[in-house]
Amino acid sequence: QVQLVESGGGLVQAGGSLRLSCAASGIALGTTPMGWYRQAPGKQRELVGSVTGSGNQYYGEFVKGRFTISRDVAKKTLYLQMNDLKPGDTAVYYCNSLQPFAWGQGTQVTVSS
């Protein structure tokens with residue numbers, strides 16, 4: 001059974017940083033395509049970034065080099081390092097596994113101006 005549990009969200013001032021974690025169980029973290037998504041109030045869920053099974057990474061255009069995805073296979077954890085946060089980054093952030101398909105419960109990120 002796949003389980004994804006996000007943590008690390010919180011309130012931060014604009015220009016600050018946060019690192020989100022996604023603890024994964026029931027999947028092969030090192031080879032499973034995974035991603036981070038976010039959903040702001042009244043908006044559709046959008047892709048923040050993803051990593052393929054072979055390690056290639058892709059990011060949404062709005063990221064502009066501010067965010068980085070990494071994974072620690074030994075700790076079975078996917079990370080999203082977010083720097084230079086902006087109020088527009090305020091959203092619930094979700095971890096996603098593609099194979100098998102699963103979502104975490106989300107973690108709230110709030111960026112104040």
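The values are calculated or read from the model by the stated rules, or taken from the named source; none is laboratory data. Predicted, not measured: the structure shown is a model, and the values here were computed from it. Methodologically, a virtual Cβ is constructed for each residue, glycine included, from the backbone with ideal geometry; neighbour enumeration extends over all protein chains shown. Ligands, DNA and RNA are stripped out before the accessible areas are found, and what is left, the full protein with its side chains, is counted by its heavy atoms. Shrake-Rupley method; radii C 1.70, N 1.55, O 1.52, S 1.80 Å.
Per the listing Tyr79, Tyr58, the residue uniquely within 12 Å of Ala24 (Cβ to Cβ) and either of a type in the set (Ser, Thr, Tyr) or surrounded by 14 or more Cβ atoms within 10 Å (Cβ to Cβ) (or both) is Tyr79.
Listed here are the strands (runs of 3 or more DSSP E) enclosed by segment 20-113 that have at least 3 residues being β-branched (Val, Ile, Thr): 107-112.
Look at segment 68-80: where a residue is touching a residue at least 60 places away in the same chain (Cβ under 8 Å) and a partner is open to solvent by less than 40 Å² (accessible area, probe 1.4 Å) and among the hydroxyl-bearing types (Ser, Thr, Tyr), sitting 6+ places away or on another chain with Cβ atoms under 6 Å, you get Tyr79/Ser21.
Only one of the numbered conditions (1) touching a residue at least 60 places away in the same chain (Cβ under 8 Å); (2) open to solvent by less than 60 Å² (accessible area, probe 1.4 Å); (3) aliphatic (A, V, I, L, M) is not met by Val48, and that is (1). When Thr31 is tested against the conditions (1) within 26 Å of Ala14 (Cα to Cα); (2) surrounded by 12 or more Cβ atoms within 10 Å (Cβ to Cβ); (3) modelled with pLDDT under 95; (4) not acidic (Asp, Glu), the lone failure is (1). Which members of segment 2-19 meet the condition of being within 12 Å of Ser97 (Cα to Cα) and either assigned to a loop (DSSP other than H, G, I, E, B) or touching an Asp or Glu at 6+ places or on another chain (Cβ under 6 Å) (or both)? Once the filter is applied, which keeps residues that are within 12 Å of Ser97 (Cα to Cα) and either assigned to a loop (DSSP other than H, G, I, E, B) or touching an Asp or Glu at 6+ places or on another chain (Cβ under 6 Å) (or both), segment 2-19 yields only Val2.
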